Amino acid sequence: MVEAGDADFAEIADQASMYVLVDLWAPWCGPCRQVSPALEEVAAEQAGHLKLVKVNVDAARGVAERFDAYSIPTLVLLKSGREASRQVGALPKRALREWVANATASQ
């Protein structure tokens, strides 16, 4: 898991050689805090194939605007810097795992 902001998002996420799961969140968001451990577990299970990048929308407004993150948590799966899939709202770990698996299998 890596944290990114406006200044380093392109280097950390857009230029990654693997899928990137971007978690657009805020510290005050209850569902964001609830889904975070599940995201970390799914990313750990996919180590070497999936990189988890957390973006605090309050501190990185440019990244939040880029992904139109009007509701959080917003989860965006990137491949080569392009959006491959999106999920708005918190999901349980099993559903997150299925979402990631389906999105990466169809690419």
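Throughout, read-outs are computed from the coordinates displayed, never taken from laboratory work. It should be emphasised that the depicted structure is a prediction, and the values quoted were computed from it without experimental measurement. When we count neighbours, we look across all protein chains shown, and the Cβ atoms used for this are built from the backbone with ideal geometry, even at glycine.
Overview of results
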read-out	value
Environment charge of HIS49, counting only residues whose C-beta is closer than 14 Å and scoring Lys/Arg +1, Asp/Glu -1	+2
Rounded to 5, the percent of DSSP beta bridges in region 2-105 classed as antiparallel	55
Given 15 as the ceiling on other Cβ atoms within 10 Å, longest exposed-site-free region of the chain for chymotrypsin sites (Phe, Trp or Tyr not before Pro) in DSSP loops	29-69
The chain - percent relative contact order, Cα under 8 Å, separation 6 or more	36
Environment charge of GLU40, counting only residues whose C-beta is closer than 14 Å and scoring Lys/Arg +1, Asp/Glu -1	+1
Gyration tensor (alpha-carbon) shape descriptor, region 65-107, a/c threshold 1.5	oblate
Cβ-defined net charge surrounding LEU77, 11 Å radius [Lys, Arg +1; Asp, Glu -1]	+2
